[in-house]
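Quick note: the coordinates plus some simple rules give every number you see, no bench work behind them. What you see is a predicted model; the values in this text were computed from it and never measured. Ideal geometry is used to build each Cβ from the backbone, glycine not excepted, and the neighbour counts take in all protein chains shown.
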């Protein structure tokens, strides 16, 4: 399990470069516009969050007379899994098929499994 978590951590560091972004913004005081852009992004997500909570509220109100309130949790889990499946397909294609860094991926601490 440690190898998989190390592989996952290395993939996240490589794809998002959060340490480099943190260094540029807070240490070098460059790219401060990214902080402002992040603030605008958060403010832009507020209507989406409001809409999400309204959809949950109305779905609960529809399911309550039928006695199926617990189906809301199941539907939310299924919707999340479907989104992960759809976006995961694109991620796997971009990470392994279109990537030009296979030498880096081969040197990571994951060993092939014996079947």
Two pseudo-spin positions, 7 Å from Cα along C-beta at residue 40 and at residue 4, lie apart in nanometres by 4.1
For the pair residue 98 and residue 52, the simple spin-label estimate (label points 7 Å beyond Cα toward Cβ) gives in nm 2.6
Comparing 11, 39, 67 in a Gaussian network model of the chain (Cα, 10 Å), the one with the largest mean-square fluctuation is 67
Per residue convex hull volume, Cα only, the chain, in Å³ is 191
